[in-house]
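The structure appears below as structure tokens.
The values are calculated or read from the model by the stated rules, or taken from the named source; none is laboratory data. From a predicted model like this one, the values you see are computed outputs, not experimental measurements. Methodologically, a virtual Cβ is constructed for each residue, glycine included, from the backbone with ideal geometry; neighbour enumeration extends over all protein chains shown. For accessibility, only protein heavy atoms count, side chains too; no ligands or nucleic acids. Shrake-Rupley method; radii C 1.70, N 1.55, O 1.52, S 1.80 Å.
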Amino acid sequence: MSKKLTTREIDYSKWYNELVVKAGLAENSGVRGCMVIKPYGYAIWEKMQAELDRMFKETGHENAYFPLFIPKSYLSKEAAHVEGFAKECAVVTHYRLKNAEDGSGIVVDPDAKLEEELIVRPTSETIIWDTYRKWIESYRDLPLLINQWANVVRWEMRTRLFLRTAEFLWQEGHTAHATKSEAIKESETILDVYAEFAENYMAMPVIKGLKTESERFAGAVETYCIEGLMQDGKALQAGTSHFLGQNFAKAFDVKFTSKEGKQEYVWATSWGVSTRLMGALVMTHSDDLGLVLPPNLAPIQVVIVPIHRTEEQLEQISEKAEEIVKKLRKKRISVKFDDRTAFKPGWKFAEYELKGVPLRIAMGPRDLENGTVEVARRDNLEKNIVSQEKIENYLEDTLEEIQQNLFDKALKYRENHITEVNTFEEFKDVLENTGGFVSAHWDGTIATEEKIKELTKATIRCVPLNNKIEEGKCVFTGAKSTQRVLFAKAY
RNA sequence: CGGGGUGUAGCGUAGCCCGGUUAUCGCGCCACGUUUGGGACGUGGAGGCCGCAGGUUCGAAUCCUGCCACCCCGACCA
């Protein structure tokens, strides 16, 4: 294995691919487009899940689980929805295998054809709304606030670890409400949850916004999103929350009796974030030495590396190290004491840098003498000699500082990469040379959006919420516009 | 799904054009010893159906056909 990563400067996309594999997050599998998430990567995902799950529950949601398979007829009930997903569905057509007559192996048994084909869920709206019809009778059954953690399959042509895989893990929330305003409020509440998670846990600043018609979820009335900005200047949609109106309620006939005794269709939302967040996390903070993980999501927050010549030294160091481990565990800081003698300290340093461990403690004979340790920060690579006295407080504070620093750094980068432009020449220039978001007036038509995409590969990432209303002219057509929108090249 | 490229030990590779002893080298792995404050060194050792399946040939990593996987560039998408 080559020791050095390809640098971001030389080939950003290669850097990403190598990093994900070398840091032990994930690897490609024998199945086209499907990845294996390795223990270290899965540990990060579990931390994401734990936090999001807590936030969902705090906002009144419950978990449930719906089937992986969806009858073909369900999917076609909502016209826009089926059109959005039809091209990327895996379909189960048979339910049995048999030995080939010529002995060449196993073949699909042609006699075992399914009456109705089953779709491997690309998302679960249809099966869920078919179920909700039975669960909802009265306004008393509302709101219905359910989330599920699941895998879904979208048959992608070109895949990349975490960013776009044929199968991925996610959570999908599906809620039903008595009123339109309540449903809209729900999708906004979840958007806030996502933004808070992204910023406080992933240390990734995001812009909250609304999708344009062409980027909207198939079957939604309105799609809210959070958009992050990666270090190469490309935007990444990190989460979406949809106000579905009554589209699915009508398609699946989900009605309730109101207080006034009238039959009404319910109002719906759905929302999700996926393992794509892992890709966002990697591309927001990491550097040419490897991963940089925010302390709030790092599986190992502190690693202790002993430096010793003799067995006795190792024993003495271990004793001190174990004391530190205990103190840190009491503070619920995850710590690993790496006393493996098979690897030299220098090797371990490089390894934990590659894996993005926020803090590294080195402890050697000199430290034993002086009652100190060497503390190295992964985010800015600074090293400090610190007294062992009250070390746990120092580490706790430093972890918080790192979390904040990562966010600040990412925010600064993002702020420096939102550029207002007023001409199409500027638009192309910024896109080409500066990257990031381009804030420009747009005439609101799909045709213009498409034309710009064709010419520049940039799409409208979102119309920011609380956007400033200002008179202007469309950057492309010169037609009247009331506000700026954010364009960017995107993942 | 179109165009291009690549599959040889766990990883990275030489050999392929022009078929011919025992398939090359580095890293990693195992054993022993010396080492240990930024990816240590020495000695010895193990590990391969040369991506898979057919074919041509006395003989295939090498030539031919099909398939599979991965990478890059497009179209599509979270």
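Where both partners of a DSSP beta bridge lie in chain A, what percent of those bridges are antiparallel, to the nearest 5? Spell out each step's value before the answer.
Values: 73 of 88 bridges.
Bridges in chain A are about 85 percent antiparallel.
As a test question: what accessible area, to the nearest 10 Å², does residue A:289 have when a 1.4 Å probe is rolled over all protein chains in place?
80
Express the relative contact order of chain A as a whole percentage, based on alpha carbon pairs under 8 Å and six or more residues apart in sequence.
13
Can you sort A:29, A:124 by 1.4 Å-probe accessible area, starting with the largest?
A:29, A:124
Which whole number in µm²/s is D for segment A:279-322 by Stokes-Einstein, with the Kirkwood Rh taken over Cα pairs at 20 °C and 1.002 mPa s?
165
With θ taken as phi - 60° and the coefficients 6.51, -1.76 and 1.60, list the Karplus ³J(HN,Hα) couplings across segment A:327-344 in order, rounded to whole Hz; mark glycine and proline as x.
Karplus-based 3J(HN,Hα) across segment A:327-344 equals 4, 5, 4, 4, 8, 6, 9, 7, 9, 10, 9, 9, 9, 4, 8, 6, 10, 7 Hz.
With θ set to phi - 60°, apply the Karplus curve 6.51 cos²θ - 1.76 cosθ + 1.60 along segment A:36-50 and write out the HN-Hα couplings as whole Hz, x wherever there is a Gly or Pro.
Running phi through 6.51 cos²θ - 1.76 cosθ + 1.60 with θ = phi - 60° gives 9, 8, 7, x, 5, x, 5, 4, 5, 4, 4, 5, 4, 4, 4 Hz.
Cα gyration tensor of segment A:10-73, axes a ≥ b ≥ c as square roots of the eigenvalues: rounded (a/c below 1.5), prolate (a/b > b/c) or oblate?
oblate
Give me the percent of the accessible area of segment A:27-92 that comes from carbon and sulfur atoms, probe 1.4 Å, all protein chains in place.
About 54 percent, which is the carbon plus sulfur part of the accessible surface.
With a 1.4 Å probe and every protein chain left in place, tell me how much accessible area residue A:81 has, in Å² to the nearest 10.
Looks like 0 Å² after rounding.
Could you grab the relative contact order for segment A:235-298? Cα pairs under 8 Å, six or more apart, rounded to a whole percent.
This gives 31 percent for segment A:235-298.
With a ≥ b ≥ c the root eigenvalues of the C-alpha gyration tensor of segment A:356-409, is it rounded (a/c under 1.5), prolate (a/b larger than b/c) or oblate?
Taking the square roots of the gyration eigenvalues as a ≥ b ≥ c, segment A:356-409 is prolate.
Tally Lys/Arg at +1 and Asp/Glu at -1 over every other residue whose Cβ is under 13 Å from the Cβ of residue A:286; what's the total? Please list the in-between numbers first.
Details: positive: A:8, A:22, A:355, A:378, A:409; negative: A:18, A:232, A:287, A:288, A:353, A:379.
Net charge in that neighbourhood comes out at -1.
Over chain A, one equal point on each Cα, no solvent: what is log10 I(q)/I(0) by the Debye formula at q = 0.05, 0.07, 0.11 Å⁻¹?
Rounded to two decimals, the profile gives -0.24, -0.47, -1.02.
If you count only protein heavy atoms with a 1.4 Å probe, what accessible area per residue comes out for segment A:300-398, rounded to a whole Å²?
About 55 Å² of surface per residue is accessible.
Using only the Cα atoms of segment A:418-488, what are the Rg and Dmax in Å?
Both quantities, over Cα of segment A:418-488: 10.8, 29 Å.
Of the GluC sites (Glu not before Pro) in segment A:113-180, which ones lie in a loop per DSSP and count no more than 14 other C-beta atoms within 10 Å?
Passing both the DSSP loop test and the Cβ count: A:137.
Ignoring ligands, DNA and RNA, what percent of the accessible area of segment A:418-488 is carbon or sulfur (1.4 Å)?
Carbon and sulfur atoms account for 49 percent of the accessible area of segment A:418-488.
Compute the distance from the alpha-carbon center of segment A:313-372 to that of segment A:72-143, in whole Å.
A separation of 52 Å, based on Cα centres.
Using a 1.4 angstrom probe, figure out how much accessible area segment A:418-488 has per residue, in square angstrom, rounded to the nearest whole.
On the way: 3720 Å² over 71 residues.
In whole numbers, segment A:418-488 has 52 Å² accessible per residue.
For residue A:288, what accessible area in Å² do you get when you roll a 1.4 Å probe over the heavy atoms of the protein chains, rounding to the nearest 10?
Per-residue accessible area (residue A:288): approximately 50 Å².
What does the charge add up to near residue A:87, with Lys and Arg as +1, Asp and Glu as -1, over the other residues with Cβ less than 12 Å from its Cβ?
-2
Quick one: Debye curve from the alpha-carbon atoms of segment A:300-398 only, equal weights, vacuum; give me log10 I(q)/I(0) at q = 0.14, 0.19, 0.24 Å⁻¹ to two decimals.
Values returned for q = 0.14, 0.19, 0.24 Å⁻¹ are -0.45, -0.87, -1.45.
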